[in-house]
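Here the structure comes first, spelled out in structure tokens, and everything after it is commentary.
Values quoted throughout were computed directly from the atomic coordinates according to the rules given, and no laboratory measurement underlies them. Computed from a predicted structure; not experimentally measured. Cβ coordinates were reconstructed from backbone atoms using ideal geometry, including for glycine residues, and neighbour counts include every protein chain displayed.
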Amino acid sequence: VQFGYKWQIYNWLYRLEADFGAFYQNRTANTSTRLPANTAALDCNFGDPCVGSFSTSVKADWLATLRPRLGYTWDNTILYVTGGLAVSRISVSQSYSDNNPSNPPLAVVSYSGAQTKAGWIVGGGVEHAFNERWSLKAEYLFVRFDNINAGGRLTDSVGGYADFSNSLRLSSNIMRVGFNYRFGGVSQ
């Protein structure tokens, strides 16, 4: 769904538009590390060292943007560039598991949460008017949200520790085609 308002001065077209739509993106990062000092020497799995594994996933289901658009028109066609604010609800889930048979045996921990985040979007496209009300557009957009970092430190009873971290950047290339209907007055 898209809404906008445009101004035209000679062949230059200025437009402010907002849109909302489905946006399925998913990224996962995995990290493994040896467990802290007092478990690293244990025989966790027939001679293998004790290892902890961390998995971090982020996903988004929708995208809203607010963008100015600058275009140049000739006849019934507009070539334009655009860029601005992107907003999405980013869900994060993280899990930990290990192969340590000591107390607690074979730990498995998980976390999940979500937050609405702002990012940026840039792109360009072409739009052609069929008549005074209807037009067809094709555009390319690149959207990016800041890094999402997850990590921590595992400590053991004798002061040993193992650090872990995952960093994910949610970005996407978007190609879309759409019909626009113009409300309001029609210029002559």
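Straight-line reach from Lys6: taking Cα to Cα under 28 Å and skipping same-chain neighbours fewer than 8 places apart, the lysines in range are Lys117, Lys137. When you filter the chymotrypsin sites (Phe, Trp or Tyr not before Pro) in the stretch 1-33 for DSSP loop state and at most 15 other Cβ atoms inside 10 Å of their Cβ, you are left with Tyr10.
Between Trp134 and Ser167, full extension at 0.36 nm per residue minus the direct alpha carbon distance yields a gain of 7.5 nm.
R0 = 25 Å: FRET efficiency of Ser93 with Met175, Cβ-based, nearest 0.05? Mind dumping the intermediate values first?
Numbers: r = 28 Å, r/R0 = 1.14.
FRET efficiency, Ser93 to Met175: 0.30.
Count Lys and Arg as plus one, Asp and Glu as minus one, and take only other residues whose Cβ is under 13 Å from that of Leu170; the net charge is then +4.
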